[in-house]
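The values are calculated or read from the model by the stated rules, or taken from the named source; none is laboratory data. Please read these numbers as outputs of a predicted model, since none were measured by experiment. Here the Cβ positions follow ideal geometry from the backbone for every residue, glycine too, while neighbour counts run over all protein chains shown. Accessible surface areas use protein heavy atoms only, side chains included; no ligands, DNA or RNA. Shrake-Rupley method; radii C 1.70, N 1.55, O 1.52, S 1.80 Å.
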Amino acid sequence: MSSKCQQTLQTGAKIASQYLAELSDRAVQPNEDGLNGLAALDVDLPDLPQDSSEVLNELHAHGSPATIASAGPRYFGFVIGGVVPAALGASVLASAWDQNTGMQVCTPIGAKLEEISSRWLIDLLRFDPACGVGFVTGATVANFTAICAARHRLLANKDWDVEQEGLFGAPPIRVVVGEQVHASVKKALSLSGFGRARVETVAVDDQGRMIPSRIPELDDMTLLCLQAGEVNTGAFDPFTEIVGHAKEAGAWVHVDGAFGLWARACSEFDNKTAGLELADSWAADAHKWLNVPYDSGLVICRDREAIVNAMTIKAPYLDDKSPYEPCWFTPELSRRARGTEVYAAIRSLGRSGVSDMISRCCRHARRFAGELEASGFEILNDVVLNQVLVRFGDDQQTKRAIELIQQDGTCWAGGTTWQGKHAMRISVSSWATTDEDVTASLEAMIRCGKQAYAC
Ligand SMILES: Cc1ncc(COP(=O)(O)O)c(C=O)c1O
């Protein structure tokens, strides 16, 4: 078994290295030939086995050209980080280990790495050391898990056992969100039985920040959802003005910080993030700004008992005497050892490396905004983090510019609509982006922007 695995792994390592070596020089968006090549993988179900290395070689030959180079240095679409080298290597090792990381008994190492990473994360983000951390698939599930913990605590305070009795007949919980709440929070609300539409919505300002004076009266049956890093503008809700009052009223405060929470690891942003540490729960993505491979999200909860009660799974064959089980903090039972890559990324970067990565991405974002504006294009947001919204004329010209930029292939950024205006959204989230990458991308953006503007 082992020599077969080793041989296949060597093939995998060789072609993966080849792929990465070519990533900086190729077009970010796959070309027609690359996309057409996918047909070669669409074969009938094979009746007979095929050599494993051959399978990998075919995946590389026909699959790699159809990838978007989002692991490369000039991908600025959505909010998608790259992968730092230690996390990539750790991911291979974690796959070789193939540990079921729901329970300690299945994986002392998987459980230990998540325990250590939890401590490091809480230290990096400067949260209360008593917080519990769950390693989930992404921020959508992190939001869902946190909302379940909130649901548990608010209802347990009214002597209602929601895990046993469900929500039918339960004392009603109010949910308050901002107008620019991320769609994943709405999805999490629907999954947890609150409904997408059954929310009280607070008006926001021109950057998408909740306006504190517009927040309704809060009470001890309210879940208030805030955000650190609005997905278009990167803006932060004004936590110092909101969280303290909300807590005094007895509300549960949740913060969706899919990418913005990482700003807590960089003191440069203390004026934006101050006060969010007083909340009850937070969602973040390690696969975004910590630059670990997909899928890796984090839910952090001050009230350990609430998250554990909301997530615990009981069965006669599961250990209920253990002091710590990873599955107490996540919706899943069986899962991969996600903490391995988080551990490797944090250990290889260190506190200063994480902070530098955040700071560097934001410096690149400011440069994008400055030079695009100097070239005559309109910047729609205050560039406070890693997000830039740029407009290349009217809606049609902006759409055309985005198409030209994507076709050009030097870099990739997508479109969005911000306050009724179409814009291109640049999100700088990769450790790999250098000053030279920004120079090359700016040249392409300005050239394509001018071409679209001239039409
Ligand atoms: C602010 C915010 N919240 C939540 C999410 C959802 O994260 P995921 O796609 O990892 O579930 C995103 C994704 O872009 C986001 O930007």
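Within segment 231-261, the set of residues being away from the ligand (no atom under 12 Å from the Cβ), farther than 17 Å from ALA149 by Cβ and in contact with a Lys or Arg (Cβ under 9 Å, 6 or more places away or on another chain) comprises PRO238, PHE239. Does GLU332 count as out of contact with any helix residue (DSSP H, G or I) (no Cβ under 8 Å at 6 or more places or on another chain) and in contact (Cβ under 8 Å) with a residue 60 or more places away in the chain? Judged against the criteria, GLU332 is a match. Taking residues in segment 48-73 that are open to solvent by less than 40 Å² (accessible area, probe 1.4 Å), and partners anywhere that are among the acidic types (Asp, Glu), the pairs with Cβ atoms closer than 8 Å and at least 6 places apart or on different chains are PRO73/ASP437. Could you tell me whether any residue of segment 208-221 is open to solvent by 10 Å² or more (accessible area, probe 1.4 Å), assigned by TED's automatic domain parsing to the domain that holds GLU277 and within 16 Å of the ligand (Cβ to nearest atom)? Yes, segment 208-221 contains a residue that is open to solvent by 10 Å² or more (accessible area, probe 1.4 Å), assigned by TED's automatic domain parsing to the domain that holds GLU277 and within 16 Å of the ligand (Cβ to nearest atom). Among the residues making up segment 440-455, those that are in contact with a helix residue (DSSP H, G or I) (Cβ under 9 Å, 6 or more places away or on another chain) and modelled with pLDDT of 95 or more are SER441, LEU442, ALA444, MET445, ILE446, ARG447, CYS448, GLY449, LYS450, GLN451, ALA452. Of the strands (runs of 3 or more DSSP E) entirely within segment 364-455, those holding at least 3 residues that are surrounded by fewer than 19 Cβ atoms within 10 Å (Cβ to Cβ) occupy 414-418.
Residue-by-condition table, conditions (1) touching a Phe, Trp or Tyr at 6+ places or on another chain (Cβ under 8 Å); (2) more than 25 Å from ASP219 (Cβ to Cβ); (3) in a helix (DSSP H, G or I); (4) modelled with pLDDT under 95:
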| residue | (1), (2), (3), (4) |
| --- | --- |
| THR240 | no, no, yes, no |
| HIS245 | no, no, yes, no |
| ALA258 | no, yes, no, no |
| LYS288 | yes, yes, yes, no |
| ASN291 | yes, yes, no, no |
| ILE300 | yes, no, no, no |
| LYS314 | no, yes, no, yes |
| TYR324 | no, yes, no, yes |
| CYS327 | no, yes, yes, no |
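Taken over segment 15-28, residues that are within 15 Å of ALA440 (Cβ to Cβ) and surrounded by 12 or more Cβ atoms within 10 Å (Cβ to Cβ) amount to 5.
In a helix (DSSP H, G or I), in the same structural domain as ILE358 (by TED's automatic domain parsing) and open to solvent by less than 60 Å² (accessible area, probe 1.4 Å): does that describe GLY89? Yes. Across segment 159-169, the qualifying residues are those that are surrounded by 12 or more Cβ atoms within 10 Å (Cβ to Cβ) and assigned to a loop (DSSP other than H, G, I, E, B), and the one among them that is farthest from the chain's Cα centre (by Cα) is TRP160.
Summed over segment 174-192, residues that are closer than 16 Å to ALA150 by Cβ, within 13 Å of the ligand (Cβ to nearest atom) and part of a helix (DSSP H, G or I) total 7. Of all residues in segment 247-260, those satisfying the criterion of being surrounded by fewer than 23 Cβ atoms within 10 Å (Cβ to Cβ) and touching a residue at least 24 places away in the same chain (Cβ under 8 Å) are LYS247, ALA249, GLY250. From the list LEU155, LEU124, the one residue that fits, being away from the ligand (no atom under 16 Å from the Cβ), open to solvent by less than 10 Å² (accessible area, probe 1.4 Å) and among the hydrophobic types (A, V, I, L, M, F, W, C), is LEU155.
Inside segment 124-161, can you point out the residues that are free of Cβ contacts under 8 Å to residues at least 60 places away in the same chain and in contact with a Lys or Arg (Cβ under 8 Å, 6 or more places away or on another chain)? PRO129 - this is the single residue of segment 124-161 that is free of Cβ contacts under 8 Å to residues at least 60 places away in the same chain and in contact with a Lys or Arg (Cβ under 8 Å, 6 or more places away or on another chain). Evaluating VAL308 against the criteria (1) open to solvent by 10 Å² or more (accessible area, probe 1.4 Å); (2) within 16 Å of the ligand (Cβ to nearest atom) leaves one unmet condition, (2).
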